1. Determine which single condition residue 115 fails, assuming it passes every other condition in (1) open to solvent by 10 Å² or more (accessible area, probe 1.4 Å); (2) touching a strand residue (DSSP E or B) at 6+ places or on another chain (Cβ under 6 Å); (3) closer than 12 Å to residue 28 by Cα.
2. Identify, by number, the condition in (1) closer than 12 Å to residue 101 by Cα; (2) in contact with a Phe, Trp or Tyr (Cβ under 9 Å, 6 or more places away or on another chain) that residue 68 doesn't meet.
3. Could you list all residues from region 1-45 that are of a type in the set (A, V, I, L, M) and either modelled with pLDDT of 95 or more or buried (at least 21 other Cβ atoms within 10 Å of the Cβ) (or both)?
4. Within region 12-128, considering only strands (runs of 3 or more DSSP E) that don't extend past its boundaries, which have at least 1 residues that are without any contact (Cβ under 8 Å) to a residue 40 or more places away in the chain and away from the ligand (no atom under 14 Å from the Cβ)?
Amino acid sequence: MYTEINGNLQGKGRDFALVVSRFNDFITTRLLDGAADCFCRHGGAAENLTVVRVPGAFEIPLTAAKLAKSKKYNAVICLGAVIRGSTPHFDYIAAEAAKGVAQAAMSSEIPVIFGILTTDSIEQAVERAGVKAGNKGWDAMMSAMEMADLFEKL
Ligand code: INI
């Protein structure tokens with residue numbers, strides 16, 4: 001018989017920081033709403049969420065790393081939207097954001113969650129921010145709660 005360790009989806013008693021980019025604010029604000037709603041519906045209290053705004057997705061990793069290294073939070077959640085249709089340098093911004101978020105997690109040893117949309121069009125981004133493809137901010141919060149609980153057990 002093996003030992004299996006799982007993280008539960010619990011917001012109660014958790015402190016999370018959310019790094020939210022202002023670029024494409026009409027999308028990222030919806031992601032933030034979804035994340036906060038998810039937290040509160042899983043026993044969390046809004047006052048235990050700290051929201052830090054940054055100019056764009058490129059600035060998310062450094063900010064997330066600083067927050068994660070402060071050890072004040074059980075997890076850091078990164079929310080942004082990089083949209084190819086209106087971004088000639090989409091590939092650079094998206095790649096740096098993804099790589100940087102992974103590095104922030106590895107260097108801090110705190111869960112850092114990737115909730116940055118990388119889409120081909122504004123329509124796809126809207127779909128993932130509370131329309132027909134759900135809300136990726138909600139999904140990011142689910143991952144944060146699971147990882148925070150898991151890390152308490154490891
Ligand atoms: N930042 C985004 O978060 N999404 C984008 O789609 C985007 N576009 O289109 O360029 C974007 N650019 C800004 C970038 O993240 C930095 O804030 C900027 O380059 C300053 O470093």
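1. Only one criterion is unmet by residue 115, namely (1).
2. Among (1) closer than 12 Å to residue 101 by Cα; (2) in contact with a Phe, Trp or Tyr (Cβ under 9 Å, 6 or more places away or on another chain), the lone unmet condition for residue 68 is (2).
3. Narrowing region 1-45 to residues of a type in the set (A, V, I, L, M): 1, 5, 9, 17-20, 27, 31-32, 35-36, 45.
Those that are of a type in the set (A, V, I, L, M) and either modelled with pLDDT of 95 or more or buried (at least 21 other Cβ atoms within 10 Å of the Cβ) (or both): 5, 9, 17, 18, 19, 20, 27, 31, 32, 35, 36, 45.
4. Details: elements: 16-21, 49-54, 75-83, 112-119.
Counting at least 1 such residues, we get 49-54, 112-119.
Conditions tested, residue by residue: (1) open to solvent by 70 Å² or more (accessible area, probe 1.4 Å); (2) under 18 Å from residue 24 (Cβ atoms); (3) touching a helix residue (DSSP H, G or I) at 6+ places or on another chain (Cβ under 9 Å); (4) among the polar types (S, T, N, Q).
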position	(1), (2), (3), (4)
61	no, yes, yes, no
74	no, no, yes, yes
83	no, yes, yes, no
120	yes, yes, yes, no
129	no, yes, yes, no
148	no, no, no, no
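The values are calculated or read from the model by the stated rules, or taken from the named source; none is laboratory data. Quick caveat, the model's predicted, so the values are computed rather than measured. Glycine also receives a Cβ, built like all others from the backbone with ideal geometry; neighbour counts cover every protein chain displayed. Surface areas here come from the heavy atoms of the whole protein model, side chains and all, with no ligands, DNA or RNA. Shrake-Rupley method; radii C 1.70, N 1.55, O 1.52, S 1.80 Å.
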